[in-house]
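Novice: Below is one structure. I have some questions about it.
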Amino acid sequence: MTKKRVYIPLAILLGLLGFSPMLVSLLGTKQEDKLNPNYYSDTNESLFKSTK
């Protein structure tokens with residue numbers, strides 16, 4: 001029974017660590033920004049492109 005008490009918080013912690021980089025990449029973007037379709041074709045392109 002004690003092993004389940006360790007595995008559940010560990011699984012939650014690892015899930016948050018895996019999910020947080022995706023959320024951090026969205027910080028600093030505006031709602032008007034769109035994904036850049038040329039992101040994978042050139043190394044100097046940014047992930048988001050401003051529409052203004």
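The values are calculated or read from the model by the stated rules, or taken from the named source; none is laboratory data. Remember, predicted model here, so these are calculated numbers, not experimental data. FYI the Cβ positions are ideal-geometry reconstructions off the backbone, even for glycines, and counts take in every protein chain you see.
Novice: In the range 20-36, what residues are assigned to a helix (DSSP H, G or I) and surrounded by 10 or more Cβ atoms within 10 Å (Cβ to Cβ)?
Specialist: Kept after step one, since they are assigned to a helix (DSSP H, G or I), are these residues of the range 20-36: 20-26.
Once the filter is applied, which keeps residues that are assigned to a helix (DSSP H, G or I) and surrounded by 10 or more Cβ atoms within 10 Å (Cβ to Cβ), the range 20-36 yields Ser20, Ser25, Leu26.
Novice: Whether any residue in the range 4-19 is loosely packed, with under 10 Cβ neighbours inside 10 Å, basic (Lys, Arg) and modelled with pLDDT under 85 is what I want to check.
Specialist: Looking through the range 4-19, at least one residue is loosely packed, with under 10 Cβ neighbours inside 10 Å, basic (Lys, Arg) and modelled with pLDDT under 85.
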